[in-house]
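Asker: Mind looking over this structure? Questions follow.
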Amino acid sequence: MKRIYSIVFSLLLLVGCSSTQEKSSSASNSKMDIKVATYNSSLYRKAKGELFKSLNNGWDIQALNLAKVIQEVRPDVLILQEFDYEEGGESLDVFVDKYLNKDQGDTEAINYKYRWSVPTNTGYATGVDLDGDGKLGAGDCFGFGQYEGQYGFAILSKFPFDQSQAKTFQKFLWKDMPNANLPVKEDGQSYYSDEALEIFRLSSKNHIDLTVDVNGTSVHLLVAHPTPPVFDGEEDRNGKRNHDEIRLLADYISGGEKAVYLYDDKGEKGGLKPNSHFIVFGDMNADPIDGDSFNSAIHQLTKHSEINNEASEGKFVPQRTEVDSISYALAKKYKKKGDVKFQTSEFGLRIDYVLPSNNFEVKGSGIFWPSASDSLGYLMERDASSDHRMVWMELGL
């Protein structure tokens, strides 16, 4: 989770970009088609309140570049991850009103009437020495963060929703998951103390089910941002937590007996009802082939029987339309086994996902990643926007 620094923003009018071309089926568009996306925006700062201050004048260069990307893709529903949380959602409102609602060069403004800055566990102090280093710090929060709300996520939608009716699993305890992959020390003893396990929340940010009304059809947005499976030791505590955060989503989708143990923050139990329309979104910090995941964590979703396999593993897996020689060279240098065109981050992994249920028809998908030679290539430079790329999908109900 790197801090992205601003670069000089170009105000030159830009020509169209081939990177947004979709892989399309023969089905025609209808009023029930929706375009959805997830984007780890890296819109966080070093201290609480700094994001609002940097955005409020309307000229934050990183935010201008991010707005340009969003206006190029133009999703109807957008999940923004690593966007600092505030209880009142002030920064989110400023980003929409002063950046997305303004033309960026030759791209038209886009508005999202329905917005939610989602409460998060990041930076939320536990008061317990979770990481065992003898002091209290960012590693002892329910989710890693230097302050409450850092690295949160937000939802933007053109379709109405009632966030008060959302199901959230922010407070679900890891120990309450049956057969949880709780880490152990070399001697077989629990890595975490009994005191820690009594308060240890599974979700490093939050897990939510937010229902949006798409022309009379209820669509469940299932969003999470599991912890990276690194920055730990032989006990693999973060890798195992990442796995079980993804498992929570998989069990919730399965419903029935697999979800009976789940309870949300209102105390309601169970998972999704059969035949629900749902879409899983997020930076899962898990690649299906490469990386440091525990026990092929993401396969719990990509191979799930309720998820559209064309979107998760088949012909509609989002991909780049053009891959430059540098990306291939880096993949070879670091011995990546996965196909470069499916990578969603500049560090060479497929970790950002849009995964719809089987009752959606997938009509197109893509990763917004213009090449360096493209007129929009500057948006992909390391310090311009984010170290992740927007992943989008067009769906028919």
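Asker: Net charge near T122, counting Lys/Arg +1 and Asp/Glu -1 over other residues with Cβ under 12 Å of its Cβ?
Answerer: Residues close to T122 contribute a combined charge of 0.
Asker: Just need log10 I(q)/I(0) for the stretch 302-397 at q = 0.13, 0.17, 0.22 Å⁻¹, Debye formula, equal scatterers on the alpha-carbon atoms, no solvent, rounded to two decimals.
Answerer: -0.48, -0.77, -1.11
Asker: If we count other beta carbons within 10 Å of each Cβ, what is the order of R389, R382, R74, fewest first?
Answerer: So the residues, fewest neighbours to most, are R382, R74, R389.
Asker: Then there is this: If one computes the Cα centroid of the stretch 204-272 and of the stretch 89-139, what distance in Å separates the two points?
Answerer: 19
Asker: Can you give the FRET efficiency for D162 and R74, using 1/(1 + (r/R0)^6), R0 = 25 Å, r = Cβ-Cβ distance, to the nearest 0.05?
Answerer: 0.55
Asker: With an 8 Å cut-off on Cα pairs and a minimum separation of 6 or more residues, tell me the relative contact order of the chain in percent.
Answerer: The normalised contact order for the chain reaches 21 percent.
Asker: Which value, in Å³ per residue, describes the convex hull spanned by the Cα atoms of the chain?
Answerer: For the chain, the hull spanned by Cα atoms encloses 138 Å³ per residue.
Asker: Still on this structure, I have one more. Within the stretch 219-245, find all residues whose amide N lies under 13 Å from a label point positioned 7 Å from the Cα of D387 along Cα-to-beta-carbon.
Answerer: 228-231
Asker: Also, quick follow-up: Report, to one decimal in Å, the Kirkwood hydrodynamic radius for the stretch 43-112 based on all distinct Cα pairs.
Answerer: Hydrodynamic radius (Kirkwood, Cα only) of the stretch 43-112 equals 12.2 Å.
Asker: Taking K and R as +1 and D and E as -1, what net charge do the other residues with C-beta under 15 Å from the C-beta of E90 add up to?
Answerer: Around E90, the charge tally is -3.
Asker: Show that you can apply the helix-only estimate: for the chain, add -39,500 (n - 2.57) for every DSSP H stretch of four or more residues, divide by all residues, and state [θ] at 222 nm to the nearest 500.
Answerer: After summing the helix terms and dividing by the residues of the chain, the value is -4500 deg cm²/dmol.
Asker: So if I take the centroid of the Cα atoms in the stretch 297-331 and the same for the stretch 369-397, what is the distance between those two points in Å?
Answerer: Their Cα centres are 16 Å away from one another.
Asker: Stretch D324-K135 to full length: gain in nm at 0.36 nm per residue minus the Cα-Cα span?
Answerer: 63.5 nm
Asker: Next up: Which value does Rg/Rh take for the stretch 270-318 over its C-alpha atoms, Rh per Kirkwood?
Answerer: Rounded to two decimals, Rg/Rh equals 0.98.
Asker: Also: So, in nm, how far is label Q146 from label E90 when the simple model puts each one 7 Å beyond its Cα toward the Cβ?
Answerer: It is 1.9 nm.
No lab work stands behind these numbers, since they all come straight from the coordinates. These figures come from a predicted structure and were not determined experimentally. As a convention, Cβ positions derive from the backbone with ideal geometry for all residues, glycine included, and neighbour counts pool all protein chains shown.
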